[in-house]
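Colleague: Shown below is the structure under consideration.
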Amino acid sequence: MNIYTRSGDEGETGLFGGDRVSKWDLRVKAYGEIDEVNAVLGWCAVVAESPLKEQLEREQQRLLDFGAWLATPPDASEKARAQLPDWEDSAATLLEEEIDAMESQKEPLRAFILPGGTELSARMHVARTVCRRAERAVCALAATESAPPAVHPAQLAWLNRLSDWLFVVARPPF
């Protein structure tokens, strides 16, 4: 299999399920932004220690799965939709539980904070801002398609919670 197909040389790309769309399509933008979040989390994971490293890798897998969901339009064939990875509706709840546990070990937040502090903290702040940008792209897609929804509510909740989780992780102590 070649890494290049030449099928996108004129500004179009294929969605999972066969449809071709412009590379500036909102769906393509949304899953591209999710891919970028995934890459930044990988950048964070290489300097993180356990258990944070494993948590980051868990969320990377979720981002990969979410990208597959975004690359599969709601009107894709049943065969294509059947190949989508399972989605855990409890993903946002898990992040909430981890946020609460981390927050209980940190000083209360009393003001805005400057991103930085340590290498890992600075990387996590970059991840948070990239995640927020991805969330805006996904929300734009969700606003354009309603029946069936372009993005499931549980996925939107998880993505919103992920950026909150990244913010809390970015605050020392780790």
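Values in this text are rule-based calculations from the coordinates and carry no lab data. These figures come from a predicted structure and were not determined experimentally. For neighbour counting, all protein chains shown are included, and Cβ atoms are generated from backbone atoms with ideal geometry for every residue, glycine included.
Colleague: If you wrap a convex hull around the Cα atoms of region 67-137, how much volume per residue is inside, in Å³?
Modeller: In region 67-137, the Cα convex hull volume per residue is 135 Å³.
Colleague: Return the Rg/Rh ratio of region 100-174 with Cα-based radii and a Kirkwood Rh.
Modeller: So for region 100-174, dividing Rg by the Kirkwood Rh gives 1.08.
Colleague: Continuing with this model, one more query. Please sort 133-145, 10-22 by packing, taking for each peptide the average over its residues of neighbouring beta carbons within 10 angstrom, highest first.
Modeller: On the way: 133-145: 16.9, 10-22: 13.8.
The most tightly packed comes first, giving 133-145, 10-22.
Colleague: Sort Ile99, Ile113 so that the residue with the fewest other Cβ atoms within 10 Å of its own Cβ comes first and the one with the most comes last.
Modeller: Values: Ile99 16, Ile113 13.
Fewest-to-most ranking of Ile99, Ile113: Ile113, Ile99.
Colleague: If you don't mind, there's one more thing I want to ask. Rg and Dmax of region 1-80 over Cα atoms: what are they, in angstrom?
Modeller: 15.1, 44
Colleague: Magnitude of the Cβ-charge dipole of the chain, K/R +1 and D/E -1, about the Cα centre, nearest 20 debye?
Modeller: It comes to approximately 460 debye.
Colleague: State whether the chain is rounded, prolate or oblate according to the following rule on the C-alpha gyration tensor (a ≥ b ≥ c being the square roots of its eigenvalues): a/c under 1.5 gives rounded; otherwise a/b larger than b/c gives prolate, and the remaining case gives oblate.
Modeller: Details: a/c = 2.15, a/b = 1.81, b/c = 1.19.
Prolate, because a/c is 1.5 or more and a/b exceeds b/c.
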